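The values are calculated or read from the model by the stated rules, or taken from the named source; none is laboratory data. Bear in mind that the values here come from a model prediction, so they are computed numbers and not experimental data. Glycine also receives a Cβ, built like all others from the backbone with ideal geometry; neighbour counts cover every protein chain displayed.
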Amino acid sequence: MNVVFLDRDGVINEFPGNGLYVTTVKGFRFLPRALEALKLLTDAGYNIFVVSNQAGVGKGVYSRQKLDQITAHMMKGVKAAGACINEVFYCTCKSSDGCNCRKPRVGNIVKALASLEKGIDDARHAYFVGDTEIDIKAGKNAGCKTVFVLSGREDRTYMKRWDVKPDFIREDLYDAATLIINEDSSCSRDRRGGAHQSR
């Protein structure tokens, strides 16, 4: 099952800054090579889901309508690049609400897998790409392989204080996409009795 879960801010688009949110279409800017990365994954046959916390809606910083406009803008750019995102799952609740869909909980990952008629057990064959400890925890909680990218909020210094560690670290989504495709290709060769997979 070729599935990749992606955080949004700091992975696909520029991170707006600590305590800030992308609140307008104008404020949404794709990171360098992000669209190329999405096309690589699409061409390789991956189901791509965005799983993102957007508590700014729950806090009243911006509206759900604005969020939907930003999402439509993102999806238009992705389509123009020849790529495809299956679906976007947001949690717009505040952290104090205790929502099961708010990362690091896995409610939205479960919903994404259900759309493919898969269960949470299948997440062990999937990847989660994110730029924060919360993303890596969400991936680990779901059983995914995790990739920490250095294009967003947190860096290696932050990571030293984390309770969990990612399976892989890469500079950005493009490097993560290349890794994922190569890892899966290596695993396929191993299952066929081919070259030994190197880590």
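Quick one: in the range 117-145, which of the residues that are in a helix (DSSP H, G or I) and of a type in the set (Lys, Arg) is nearest to residue 157 (Cα to Cα)? Restricting to residues being in a helix (DSSP H, G or I) and of a type in the set (Lys, Arg), the top hit is 137. For the range 16-48, the set of residues classified as closer than 16 Å to residue 181 by Cβ and in a loop (DSSP other than H, G, I, E, B) consists of 33, 44, 45, 46, listed by residue number.
Here the range 128-154 is the region considered, the condition is being within 15 Å of residue 31 (Cα to Cα) and out of contact with any helix residue (DSSP H, G or I) (no Cβ under 8 Å at 6 or more places or on another chain), and the residue that is surrounded by the fewest Cβ atoms within 10 Å (Cβ to Cβ) is 153.
A search for C-beta distances below 6 Å between a residue of the range 51-66 that is within 19 Å of residue 107 (Cα to Cα) and any residue that is crowded, with 18+ Cβ neighbours inside 10 Å and among the polar types (S, T, N, Q), counting only pairs 6+ apart in sequence or on different chains, returns 51/108; 54/92; 57/92; 58/92.
Please determine, by comparing only the residues of the range 97-127 that are of a type in the set (D, E, K, R) and out of contact with any helix residue (DSSP H, G or I) (no Cβ under 8 Å at 6 or more places or on another chain), which one is farthest from residue 144 (Cα to Cα). Per the criteria, the residue is 117. If you check residue 86 against the conditions, is it over 23 Å from residue 173 (Cα atoms) and not charged (D, E, K, R)? Against the criterion (over 23 Å from residue 173 (Cα atoms) and not charged (D, E, K, R)), residue 86 does not qualify. For the range 1-15, the set of residues classified as at pLDDT 95 or above and assigned to a loop (DSSP other than H, G, I, E, B) consists of 7, 8, 10, 11, 12, 14, 15, listed by residue number. When each of 184, 163 is tested for being assigned to a helix (DSSP H, G or I) and charged (D, E, K, R), the lone residue that passes is 184.
Reported count of residues in the range 1-50, each being closer than 21 Å to residue 94 by Cα, out of contact with any Ser or Thr (no Cβ under 8 Å at 6 or more places or on another chain) and of a type in the set (Gly, Ala, Ser), is 2.
Out of all the residues in the range 67-84, is one or more at positive phi, crowded, with 18+ Cβ neighbours inside 10 Å and in contact (Cβ under 8 Å) with a residue 60 or more places away in the chain? Within the range 67-84 (the criterion being at positive phi, crowded, with 18+ Cβ neighbours inside 10 Å and in contact (Cβ under 8 Å) with a residue 60 or more places away in the chain), the answer is no, since none of the residues qualifies. Being more than 29 Å from residue 119 (Cβ to Cβ) and at pLDDT below 95 narrows it down to one of 96, 63, so name that one. The match here is 96.
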